[in-house]
Amino acid sequence: MAGTARCPQGIGLCLFDLDGTILAHHQGISPRVVAAIKMLQDHGVATAVCSGRPRGLIEGPATDAECMDYYVTANGACIADGNLAPLVRRPIERDDALRIYQAFRPLHAAWHVHLGMDTYAEAGAISYMAGQTERRSGSALDILKGFVSHPIFRLKGWHSCLSALPKLKSAEDGIEKFDCSFPVPENMKVAERILEREGIWEVAEMEKTQIEITKKGVTKGTGADALAAYLGIPKGAVVAFGDGGNDIPLIGHVGHFVAMGNASDDVKALADEVCPSIDEDGVAVWIEAALEEAHAAAKEA
């Protein structure tokens with residue numbers, strides 16, 4: 001797409017976070033946003049999800065819209081084609097994952113372990129994807145029953161369990177990403193200090209008691225680099241949209257980063273631009289304006 005004032009090098013690749021950016025409350029992507037993304041495709045722009053979700057939790061909510069060419073999943077740990085077949089994988093080694101799992105036991109950690117198309121969610125683990133910000137209470141069986149009540153936990157790739165440790169031990173191909181939640185913020189801060197001392201991890205704070213963990217050098221930003229390089233698109237022609245802490249690493253790896261109106265204050269402060277909120281179809285509003293600007297620029301040329 002031709003260059004404009006906001007994107008001087010034009011747009012060759014557009015990346016979209018899911019939860020809180022184009023996917024609201026697990027209700028699918030709005031028709032207006034889908035139509036806008038398809039207009040980008042019609043103008044020769046490659047489109048890609050860029051999410052903390054692994055492939056198994058993207059299948060359905062994003063794929064049903066049929067408007068994405070590629071998928072940057074698990075915070076960049078796996079870049080996949082339009083059929084969710086991996087092009088690049090950058091997993092955590094099993095022994096490193098097991099060591100951290102055991103180190104966090106005294107902190108009463110609960111885990112989401114993402115293994116390719118499958119996610120194993122321990123009882124008590126929270127998920128920002130379902131709008132959860134605090135650890136659940138009750139017996140382990142009661143907590144597991146609560147999972148079943150929410151649509152996201154009925155996705156094909158989601159598996160509720162009492163412990164993810166057996167799956168970790170058998171993960172010969174590595175783990176793409178951990179989500180780890182704690183009963184209180186203080187425990188999370190202790191865990192972050194442990195990870196920082198090891199120096200082999202990337203950590204994104206998602207909620208006051210939840211972090212996401214990938215191997216060193218694996219972020220949405222480096223995932224965007226890998227996909228852009230694969231497509232032969234310069235950084236300056238890449239646009240990304242996001243709203244959360246795991247979107248911050250995109251800044252500096254794309255030519256233009258757009259924060260949602262509903263994004264956290266720290267994300268908005270670092271963004272090149274802020275568009276309306278997800279409830280206002282902010283991504284569609286931005287795309288429609290960008291296309292109008294490109295058409296006007298082309299007429300003047």
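The values are calculated or read from the model by the stated rules, or taken from the named source; none is laboratory data. Computed from a prediction, not measured in an experiment: that's the story for all the values here. As a convention, Cβ positions derive from the backbone with ideal geometry for all residues, glycine included, and neighbour counts pool all protein chains shown. Just so you know, the surface numbers come from the protein's heavy atoms only, side chains and all, with ligands and any DNA or RNA stripped out. Shrake-Rupley method; radii C 1.70, N 1.55, O 1.52, S 1.80 Å.
When the inverse distances between all different Cα atoms of the chain are averaged and flipped, the Kirkwood radius reads 19.4 angstrom.
From most to least packed by mean Cβ count within 10 Å, the peptides 94-103, 43-52 give 43-52, 94-103. Hull volume per residue, based on the alpha-carbon atoms of the stretch 1-126 and their convex hull, is 139 Å³. With Cα atoms as the point set, the stretch 236-301 shows a radius of gyration and Dmax of 12.7, 39 Å. Accessible surface for the chain, divided over its residues, is 41 Å² per residue with a 1.4 Å probe. The packing ranking of peptides 78-89, 258-269, highest mean first, is 258-269, 78-89, where packing means the average number of other beta carbon atoms within 10 angstrom of each residue.
Can you give the helix-only mean residue ellipticity at 222 nm for the chain, where every DSSP H stretch with n ≥ 4 adds -39500 (n - 2.57) and the sum goes over all residues, rounded to the nearest 500 deg cm²/dmol?
-8500 deg cm²/dmol
Treating each Cα of the stretch 148-254 as one equal point scatterer and applying the Debye formula with no solvent, the log10 of I(q)/I(0) at q = 0.10, 0.17, 0.18 Å⁻¹ comes out as -0.39, -1.05, -1.13.
GNM on the chain, alpha-carbon springs under 10 angstrom: the most fluctuating residue among GLN210, GLN27, GLN41 is GLN27. Based on the reciprocal of the average 1/r between different C-alpha atoms, the Kirkwood radius for the stretch 186-301 equals 15.9 Å.
For PRO86, neighbours were defined as the other residues whose beta-carbon sits under 12 Å from its Cβ, and their charges (Lys and Arg +1, Asp and Glu -1) total 0. All Cα-Cα distances of the stretch 1-61, cut into 10 Å bins from zero to the largest, leave 20, 48, 26, 6 percent in each bin in turn. On the chain, 51 percent of the accessible area sits on carbon and sulfur atoms, based on a 1.4 Å probe. Pick out the long, greasy-scoring helices in the chain: whole DSSP H runs spanning 18 Å or more along their own axis by Cα, mean Kyte-Doolittle at least -0.5. Span-like helices here: 282-300.
How much of the DSSP bridge set in the chain is antiparallel, in percent, rounded to the nearest 5? So the antiparallel bridges in the chain amount to around 55 percent.
Pairs exceeding 25 Å between alpha-carbon atoms, taken from LYS38/LYS235; LYS167/LYS216; LYS156/LYS216; LYS38/LYS220; LYS189/LYS216; LYS169/LYS215: LYS156/LYS216.
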